[in-house]
1. Of the listed peptides 154-163, 108-117, what is their order by residue-averaged count of other C-beta atoms within 10 Å, with the highest listed first?
2. Rounded if a/c is under 1.5, else prolate if a/b beats b/c, else oblate: with a ≥ b ≥ c from the C-alpha gyration tensor eigenvalues square-rooted, which is segment 32-125?
3. Might you report the magnitude of the Cβ-based charge dipole of segment 81-128 about its Cα centre, with Lys and Arg at +1 and Asp and Glu at -1, to the nearest 20 debye?
4. Could you please state how large a percent of the accessible area of segment 26-121 is carbon and sulfur, counting protein chains only and using a 1.4 Å probe?
5. Keeping all protein chains in place, calculate the accessible area per residue for segment 84-206 (probe 1.4 angstrom), answer in Å².
6. For a protection proxy built on the mean count of beta-carbon atoms within 10 angstrom, sort 95-102, 35-42 highest first, please.
7. If the reach is capped at under 25 angstrom between alpha carbons, list the lysines near Lys134, excluding any in the same chain fewer than eight residues apart.
8. Among the aspartates and glutamates, which have Cα under 14 Å from the Cα of Lys151 when same-chain residues fewer than 8 positions away are ignored?
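The values are calculated or read from the model by the stated rules, or taken from the named source; none is laboratory data. None of these values were measured; they are calculated from a predicted model. We place every Cβ from the backbone using ideal geometry, glycine too, and count neighbours over all the protein chains shown. Side chains are part of the model used for accessible areas, which takes the heavy atoms of the whole protein and leaves out ligands, DNA and RNA. Shrake-Rupley method; radii C 1.70, N 1.55, O 1.52, S 1.80 Å.
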Amino acid sequence: MSYIGSKPANKPVVASDIDPTVITGQTALAVAPADTDEFLISDAGVLKRLDASYIGEKNTPCFMAVYYGAGVEISHATETKVTFDSEIFDEGGVYDTTNKRYTPGFVGKSYISTGMFFYDASKNIQHHVIYFYKNGSLLTYFKNEPSGEVKRVWQSASLIVDHDADDYFEVYVRADTSNSANIEVPATSGGASSYRNYFQGFKVFT
């Protein structure tokens, strides 16, 4: 091999051998790195290129579904599945509006939460419960007992769940009344700007 000028010395490259602009960069990146942007790292002393996609994670998939129906009745002392029928967003296509459930599509953990509004014109609500179901079976529940019988109440619940890719999660509710009357879950008022009946979730970094 021929060289123009002196043959490079057969020795490690040190800082004094490199123009500082090679290290510091001459142009600032003013936006978040693209997934295919690369970094130079030392892996146990071996220099390697690393795509930005391997640094950190994203909170996706994520979804939010709401109930916009005309209002439904929940039978007294009966666990009833909530049919959240409209998606506000669904990054990853993980909420099924047909089966009304969340299927993560990855192995790991998710944060899920829900909020529900209960109403009884006769003020007979004694207590109300939100249930999270996993694969068709009860996972856990959150029970609220007001200090007295009430006419209307809003309740929320949330937790972090561990799952496989094909596990699925649903929301059920129950309300008990002193006169065994049914409870109404009113339609969301205010249209898309009011989300008082919702089911949502997103991937948790681990």
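1. Numbers: 154-163: 15.0, 108-117: 18.9.
Highest to lowest by the protection proxy: 108-117, 154-163.
2. On the way: a/c = 4.07, a/b = 3.51, b/c = 1.16.
Prolate, because a/c is 1.5 or more and a/b exceeds b/c.
3. Numbers: 5 positive and 6 negative charges, 55 e Å.
Once rounded to the nearest 20, the dipole reads 260 debye.
4. Details: 2920 of 5650 Å².
Taking all protein chains in place, segment 26-121 shows 52 percent carbon and sulfur surface.
5. Values: 5780 Å² over 123 residues.
Counting only protein heavy atoms, the per-residue value for segment 84-206 is 47 Å².
6. Values: 95-102: 17.1, 35-42: 10.5.
With the highest mean Cβ count within 10 Å placed first, the list reads 95-102, 35-42.
7. Partners found: Lys58, Lys81, Lys100, Lys109, Lys143, Lys203.
8. Once the sequence-local aspartates and glutamates are set aside, what remains near Lys151 is Asp120, Asp176, Glu184.
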